[in-house]
Amino acid sequence: MRTLVLQIAFLSCTMIPCLAQDKGKSELAIGFGIMPTEDVAAEIFTVFFLALSGRLPDKEVNDFAFSLSYKYHLSERFSLGASGAYNAAAHETRFFKWIDNGPRPRTLAIAVETNFFYLKRPRVNLYSSVGAGFFGSWTNEYDGISDTSYMAPTLHYSPIGVRVGRDVGGFVELGYGFKGLVNGGISIRF
């Protein structure tokens with residue numbers, strides 16, 4: 001019995017400092033983005049060919065993505081984590097005017113994401129973010145028929161991101177991909 005008590009005391013003395021060292025390394029973020037693009041490769045080729053033909057793409061700002069991200073800060077400059085984004089009214093393609101009589105597809109993107117911090121101060125962070133993963137889309141028609149596609153690759157790149165705050169803060173990112181052209185929200189570090 002005495003040995004068991006000594007072992008528990010030893011383990012608690014070694015584990016408590018380990019837990020204290022990880023405080024502030026995890027980050028959970030909830031975001032809202034406008035004009036997300038799940039099928040990044042198709043949209044880039046569409047823009048390229050429209051530019052070659054001399055046509056300007058039609059732009060619509062009527063779809064939004066909600067995202068949830070978790071990141072672990074590996075060092076002062078890098079963090080690594082996972083991200084998910086949900087778009088309730090995605091466009092099949094943003095740059096051609098299709099007749100929009102039916103319901104638009106819904107998408108769910110799940111990706112691995114990393115941040116590189118250019119500037120990391122206690123209350124202000126300037127960073128870039130890259131994410132790569134897969135998205136699935138589905139459409140529920142009015143007559144009960146649904147169309148589903150699985151496991152298409154997706155990307156997100158934000159060359160500029162700003163986070164303001166210490167433990168709880170707000171962030172804004174400018175980029176291209178499944179989180180949207182402009183993505184912002186709140187994040188909590190713990």
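Using the Cβ-Cβ distance between Ser26 and Val182 with R0 = 25 Å, the FRET efficiency computed as 1/(1 + (r/R0)^6) comes to roughly 0.50. Based on the Cβ-Cβ distance from Leu80 to Thr148, what FRET efficiency comes out when R0 is 45 Å, to the nearest 0.05? Here the calculated transfer efficiency is 0.90.
Bear in mind that the values in this text are calculations on the coordinates, not laboratory data. Keep in mind that this is a model prediction, so the values were computed, not measured. Note: ideal-geometry Cβ built from the backbone for every residue, glycine included; neighbour counts use all protein chains shown.
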